[in-house]
Amino acid sequence: MNDQSSSQPIPLWIKLAFTAFVAVLTPYYWREYGPTNFLYFCDVALFLAVAAVWTQRPLFASMAAVGITIPQLLWQVDFVGQLIGMPVTGMTDYMFDPGISLFARGLSFFHFWLPILLIYLVWRLGYDRRALFAWTGTAWMLLLICYFVMPPAGATLDFPNQPHNINYVYGMDDAQPQQWMPPTAWLTMLFVGLPALLYYPTHLVLKTFLPNHSPSKSETTTAEPSPKAALANAS
């Protein structure tokens, strides 16, 4: 048990610089893409990070780290690959598109450095093992909203930049839904595959290699479990 939130607070300059960045990004994205853009996992993680730096609650930083570390690692790899002429997935092609303003691409570069910041926050605040279940529940809720309410892949949009197929709930191609399986089967695969292949492995790494935080009574609504029970629940 290693709670570092009081002995090693987040430096003020990080709080101010990060908050200023988000304060610029939020209205720009809202104007360019609309409010539904903030349903993307990476944007939710961005706001959780803001909450983490100001409240210094490990759960917020831990949830965001569990949710986006592996996907954003792929973003980082592809971006570096693009720089050296060896793209991996093509997911960062837009970062090298001269038709997109340098300002917009500069804002989107947060995909590269946000996971680094989150690992730093978890190291300073401690890893809250409840994050695996908290983020998984959040992700499932977002998937359902994006599937049942938001425009699907290939939809006719109200404006060109309107987000659709958010979080790939209709497949990896925004131009058309995937054809490999029924749509609900794809959604079910996301429900199972994201926690199993992305969130749980990240949880294992964070709880093994970073300081752990045990929530105080004020952070829980139920009695604190014994250390043995807490370990069992987080495994």
Residues residue 12 and residue 112, FRET efficiency given R0 of 35 Å [Cβ-Cβ distance, rounded to 0.05]: 0.90
Accessible carbon and sulfur surface of the chain relative to its total accessible area, %, 1.4 Å: 69 percent
Sum of -39500 (n - 2.57) over DSSP H runs of 4+, divided by residues of the chain (222 nm, nearest 500): -18500 deg cm²/dmol
Contact order relative to length of region 12-209, as percent, for alpha carbon pairs under 8 angstrom and 6 or more apart: 23 percent
Region 19-95 and region 186-206: distance between their alpha carbon centers, rounded to Å: 18 Å
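If I require 30 Å or longer along the helix axis, counting alpha carbons, and a Kyte-Doolittle average no lower than -0.5, what helices from the chain are left? Use full DSSP H segments. The partial results should precede the final answer.
Details: long enough: 12-33 (31 Å, 0.67); 58-83 (35 Å, 1.13).
Span-like helices in the chain: 12-33, 58-83.
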Solvent exposure of the chain as accessible area per residue, Å², 1.4 Å probe: 52 Å²
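The values are calculated or read from the model by the stated rules, or taken from the named source; none is laboratory data. Computed from a predicted structure; not experimentally measured. A quick note on method: Cβ atoms are made from the backbone with ideal geometry, for glycine too, and the neighbour counts reach across all protein chains shown. The protein model used for the area step is the full one, side chains on, heavy atoms only, and it has no ligands, DNA or RNA in it. Shrake-Rupley method; radii C 1.70, N 1.55, O 1.52, S 1.80 Å.
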